[in-house]
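Working notes, beginning with the structure itself.
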Amino acid sequence: MRSLLYSMLTAGLIAFYGGRVCPVIQAASIGNWIFFLVSTFLAVAGLRALLLHRIVLAKSDDAQPQKQFILDLFLFFLGGIATGLYPVMAYGSPAANGLKVFVGSLSLGFFFSVELALHRERLVAINACRSGASLQMSSRYFPVTRKFAFIAGACVVFTALIISAVVVKDLYENISLSAGPEFWSRSLYWIAIDLFFVISCFAGLVILVISSYARNLRLFFNYQTQTMEAVSQGDLSSRVPVVTNDEFGFIAQGTNSMIHALAERTSDLKRTQEVTIMALASLAETRDNETGAHILRTQRYVKELAEWIKGVPQYTDLLTPQYIDLLYHSAPLHDIGKVGVPDSILLKPGPLTPEEFEIMKKHVVYGHEALQVAVDRLGDSSFLKLAQAIALNHHEKWDGSGYVRGIKGEDIPLSGRIMALADVYDALISSRVYKPAFSHEKARKVIIAGKGAHFDPLLVDAFLALEQRFIAIAKEFQDGKRLKGIEKSDVSMRQAST
């Protein structure tokens, strides 16, 4: 449809232009002239439709815009020959007039061919972006600067040729037919009309080409900026579509290489963080050999709870995928402070005395202080900052009766509130030397009884909605499953579960 529109525009403009530069056409039947032009450029559009797939669409994506330009320019060239020959063959017009008509037709064809090629380049880019395909870059390409210089130079040349043809024609008529001042006045009037028509046409064509070129540039820049924006937000899977074999393609390719390198470095850092956390957690595990897969279970409980409450408006901004992932990997450090509790208390098979329990409660402080050493070196943005908050606050209670700070409600960090419920539930369903394992139903009643007292009411609701997931996790990671020796860690709920 785009090609058909441009073909008909060419026929319409040449119908007027040909009549101005070729007086013989003005004297002949205008109807026949218009009919011939419409038929000719309809044939051009039809021939293009027949050849498009074989010459353009069957080629590689990077070659299609160039093939499109060559095909369209060649077809407009054929149409130009036909329109130039018609007045000479049909009306005996001088060959010079036929040449002017040919140049006019070819000039219009050039602008329309450029716009169709730019449109094809845009389609190739959009389709490649949607399909996720990337062009194979080649060191041999037509630079963007040369494209622009070529288009600008051709615009100047064709515009100058057409204006010259009109001016020379009008001046020739004035010299050969001059009959006095009145004729000169009338001739100048027609010269002005002809120049206005030609300049208006070519100004419109130049604007058309520049607009199409600008759309392509805007598209390529948008791909680049959108990807960089995504990367700045932490999405290292984002890539710039490589859709042109030119400077933009190489810039996109270079950007993607940098993002890939950054993703690899980030992945290495993330693995280092995870290994560090698990190494520290396994240190606490060596002090207590009764908790089995506690780390693995509480990790997953924490993640399930966080995923559920992220739908609550007040937590949507906080509980991003990145935050939940960090929460998941930080959870194993909640009892790291137990390395500072004496074995006589930590491993005592019976209930703790009040004095012993006071010592046990200090493990949250020990954990906080131990992690603070690392945070001081790495800064507040350290991945250990969240683990530190969990270690310090996971024994606080919603009603303020917890330890060690005695804070309550939403003053307790969300990470601590989530860990508290996950930790208590797992302690309840786990067997200890001082108690048998509770059934899920019995543990469920304890959790419900703690709603609004021990636990955040919203998290209790989340637990009830997720209890089948909790059961499945507990079954999958039963005590005794030691995945690479890092799955045990906690007896923090000795008092809570008795």
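The values are calculated or read from the model by the stated rules, or taken from the named source; none is laboratory data. Everything quoted here is computed from the prediction, not taken from an experiment. A quick note on method: Cβ atoms are made from the backbone with ideal geometry, for glycine too, and the neighbour counts reach across all protein chains shown.
So which residues in segment 198-207 are surrounded by 14 or more Cβ atoms within 10 Å (Cβ to Cβ) and more than 14 Å from T10 (Cα to Cα), if there are any at all? If you could, list the steps in order and put the result at the bottom.
First, pick out the residues of segment 198-207 that are surrounded by 14 or more Cβ atoms within 10 Å (Cβ to Cβ): 198-199, 201-202, 205-206.
Those that are surrounded by 14 or more Cβ atoms within 10 Å (Cβ to Cβ) and more than 14 Å from T10 (Cα to Cα): I199, V206.
Across segment 422-479, what is the number of residues that are of a type in the set (A, V, I, L, M, F, W, C), in contact with a helix residue (DSSP H, G or I) (Cβ under 6 Å, 6 or more places away or on another chain) and outside any helix (DSSP H, G or I)?
4
Across segment 336-389, which residue is modelled with the lowest pLDDT among those that are touching a Ser or Thr at 6+ places or on another chain (Cβ under 7 Å) and under 17 Å from L283 (Cα atoms)?
That would be A374.
Any residue in segment 64-77 that is out of contact with any strand residue (DSSP E or B) (no Cβ under 9 Å at 6 or more places or on another chain), of a type in the set (D, E, K, R), at pLDDT 85 or above and over 19 Å from F158 (Cβ atoms)? Walk me through how you get there before you give the answer.
Kept after step one, since they are out of contact with any strand residue (DSSP E or B) (no Cβ under 9 Å at 6 or more places or on another chain), are these residues of segment 64-77: 64-77.
This time we only want the ones that are of a type in the set (D, E, K, R), so: 67, 72.
From what is left, the residues that are at pLDDT 85 or above are 67, 72.
Subsequent filtering for residues that are over 19 Å from F158 (Cβ atoms) retains 67.
For segment 64-77, residues out of contact with any strand residue (DSSP E or B) (no Cβ under 9 Å at 6 or more places or on another chain), of a type in the set (D, E, K, R), at pLDDT 85 or above and over 19 Å from F158 (Cβ atoms): present.
Pairs needed: first member in segment 402-425, over 14 Å from E304 (Cβ atoms); second member anywhere, at pLDDT 95 or above and of a type in the set (S, T, N, Q); C-beta distance under 7 Å; at least 6 residues apart or different chains.
I412/N393; P413/N393; G416/N393
From the list R140, R130, R120, which residue is assigned to a helix (DSSP H, G or I) and free of Cβ contacts under 8 Å to residues at least 12 places away in the same chain?
Of the residues listed, the single one that is assigned to a helix (DSSP H, G or I) and free of Cβ contacts under 8 Å to residues at least 12 places away in the same chain is R130.
Are any of the residues in segment 162-172 modelled with pLDDT of 75 or more, within 22 Å of G98 (Cβ to Cβ) and assigned to a helix (DSSP H, G or I)? Steps first, please.
Here is the first cut: in segment 162-172, the ones modelled with pLDDT of 75 or more are 164.
Okay, now just the ones that are also within 22 Å of G98 (Cβ to Cβ), so 164.
Adding the requirement that they be assigned to a helix (DSSP H, G or I) leaves 164.
So far as segment 162-172 goes, yes, one or more of its residues are modelled with pLDDT of 75 or more, within 22 Å of G98 (Cβ to Cβ) and assigned to a helix (DSSP H, G or I).
Checking F102 against (1) in contact (Cβ under 8 Å) with a residue 24 or more places away in the chain; (2) within 19 Å of L161 (Cα to Cα); (3) among the aromatic types (F, W, Y), only one condition comes out false. Which one?
Just one mismatch for F102, condition (1).
Residues checked against (1) among the acidic types (D, E); (2) under 18 Å from G337 (Cα atoms); (3) surrounded by fewer than 23 Cβ atoms within 10 Å (Cβ to Cβ):
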| site | (1), (2), (3) |
| --- | --- |
| Y366 | no, yes, yes |
| D376 | yes, yes, yes |
| G379 | no, no, yes |
| F383 | no, yes, yes |
| V404 | no, yes, yes |
| D423 | yes, yes, no |
| L428 | no, no, yes |
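Inspect all residues belonging to segment 310-321 and state whether any of them is in a helix (DSSP H, G or I), surrounded by 22 or more Cβ atoms within 10 Å (Cβ to Cβ), in the same structural domain as L428 (by TED's automatic domain parsing) and modelled with pLDDT of 90 or more.
From segment 310-321, those in a helix (DSSP H, G or I) are 313-316, 321; that's our starting set.
This time we only want the ones that are surrounded by 22 or more Cβ atoms within 10 Å (Cβ to Cβ), so: none.
Scanning segment 310-321 turns up no residue that is in a helix (DSSP H, G or I), surrounded by 22 or more Cβ atoms within 10 Å (Cβ to Cβ), in the same structural domain as L428 (by TED's automatic domain parsing) and modelled with pLDDT of 90 or more.
Is it true that G204 is small (G, A, S) and either without any contact (Cβ under 8 Å) to a residue 12 or more places away in the chain or assigned to a helix (DSSP H, G or I) (or both)? Steps first, please.
On the way: small (G, A, S): yes; either without any contact (Cβ under 8 Å) to a residue 12 or more places away in the chain or assigned to a helix (DSSP H, G or I) (or both): yes.
It is true that G204 is small (G, A, S) and either without any contact (Cβ under 8 Å) to a residue 12 or more places away in the chain or assigned to a helix (DSSP H, G or I) (or both).
Does at least one position in segment 277-291 carry a residue that is outside any helix (DSSP H, G or I), touching a residue at least 24 places away in the same chain (Cβ under 8 Å), acidic (D, E) and touching a helix residue (DSSP H, G or I) at 6+ places or on another chain (Cβ under 9 Å)?
So far as segment 277-291 goes, yes, one or more of its residues are outside any helix (DSSP H, G or I), touching a residue at least 24 places away in the same chain (Cβ under 8 Å), acidic (D, E) and touching a helix residue (DSSP H, G or I) at 6+ places or on another chain (Cβ under 9 Å).
Do you know which of the residues in segment 208-259 that are closer than 24 Å to F112 by Cβ and among the hydroxyl-bearing types (S, T, Y) is surrounded by the most Cβ atoms within 10 Å (Cβ to Cβ)?
T244
Has segment 131-144 got at least one residue that is of a type outside the set (K, R) and at pLDDT 80 or above?
Here is the first cut: in segment 131-144, the ones of a type outside the set (K, R) are 131-139, 141-144.
Next cut, at pLDDT 80 or above only: none.
Checked segment 131-144: no residue is of a type outside the set (K, R) and at pLDDT 80 or above.
If you take the residues in segment 239-272 that are modelled with pLDDT of 85 or more and part of a loop (DSSP other than H, G, I, E, B), which one is nearest to F383 (Cα to Cα)?
Among those residues, the one meeting the criterion is R239.
Six or more apart or on different chains, Cβ atoms under 7 Å: show the pairs whose first residue is in segment 460-479 and assigned by TED's automatic domain parsing to the domain that holds A449 and whose second is surrounded by 17 or more Cβ atoms within 10 Å (Cβ to Cβ) and acidic (D, E).
Close Cβ pairs (under 7 Å, with a partner that is surrounded by 17 or more Cβ atoms within 10 Å (Cβ to Cβ) and acidic (D, E)) amount to L466/E304; R469/E304.
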